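Student: One structure follows; several queries about it will come next.
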């Protein structure tokens, strides 16, 4: 789903539906979201009406793009992938053992019991106090996993989170913020899937909590910790850096 500006609020609109209409009409097409807003998609056609500009697939007023706008500077979308082996890690809850070079990320049931998974995303060029509309982590399936899984995602309460180490309990000992996001992912029946079922819910509340800190600066790093029950198994950096978890912020 794409968030598109409509006055002072944002409406969810299907990029695919808008794109198909644009392809048929050969110009920016009108998508009625509800009775209070009209959204134009420019996914396949760059033409926009009424002086709007095509920004991230949606016809928008460049002076009103507020998905993170700070001091009038538009922030439309940012994507950061786990960048090093020390930026994704697992900690066994029973022993505190931390592994930073695993070939997969088991969220959260491992053969030795439940664990905590840590993800670090660096160089987040988001200005302090930016109004984030949407943020999610995109995973790629490493193993088929279909059992009921209930996860909790939280952010480390620090302005520039350090990478992970193999020190005992070095993930679980990190101080966490107050905000949390629950995720009960759909079954993952197919290896290498990387679609909407492998996306977390909106994590904007977690990022908002961190970038609102007075010591936050653009370019800092954020750590997300995932705990809970059940099992969803994703690719890790050490298996394939191109398939490592990716944070998308809009």
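The values are calculated or read from the model by the stated rules, or taken from the named source; none is laboratory data. Owing to the predicted nature of the structure, the values given are computational and were not obtained by experimental measurement. Neighbour counts run over all protein chains shown; Cβ positions are idealised from the backbone, glycine included.
Student: Which condition does residue 139 not pass, out of (1) within 22 Å of residue 197 (Cα to Cα); (2) out of contact with any helix residue (DSSP H, G or I) (no Cβ under 6 Å at 6 or more places or on another chain), if it passes all the others?
Tutor: Residue 139 satisfies all of (1) within 22 Å of residue 197 (Cα to Cα); (2) out of contact with any helix residue (DSSP H, G or I) (no Cβ under 6 Å at 6 or more places or on another chain) except (2).
Student: So, one more: Determine whether residue 238 is in contact with a helix residue (DSSP H, G or I) (Cβ under 6 Å, 6 or more places away or on another chain), surrounded by fewer than 24 Cβ atoms within 10 Å (Cβ to Cβ) and farther than 26 Å from residue 129 by Cβ. Break it down stepwise before answering.
Tutor: Values: in contact with a helix residue (DSSP H, G or I) (Cβ under 6 Å, 6 or more places away or on another chain): yes; surrounded by fewer than 24 Cβ atoms within 10 Å (Cβ to Cβ): yes; farther than 26 Å from residue 129 by Cβ: yes.
Taking the combined requirement at face value, the residue satisfies it.
Student: Let me ask something else about it. Can you go through 115, 92, 133, 64 and tell me which one is at pLDDT 95 or above and either over 22 Å from the mean Cα position of the chain (by Cα) or surrounded by fewer than 20 Cβ atoms within 10 Å (Cβ to Cβ) (or both)?
Tutor: Checking each option against the conditions leaves just 92.
Student: Just to confirm my filter: which strands (runs of 3 or more DSSP E) fall fully inside the stretch 146-233 and include at least 2 residues that are assigned by TED's automatic domain parsing to the domain that holds residue 127, surrounded by fewer than 17 Cβ atoms within 10 Å (Cβ to Cβ) and at pLDDT 95 or above?
Tutor: Values: elements: 150-155, 181-183, 220-229.
Output list reads 150-155.
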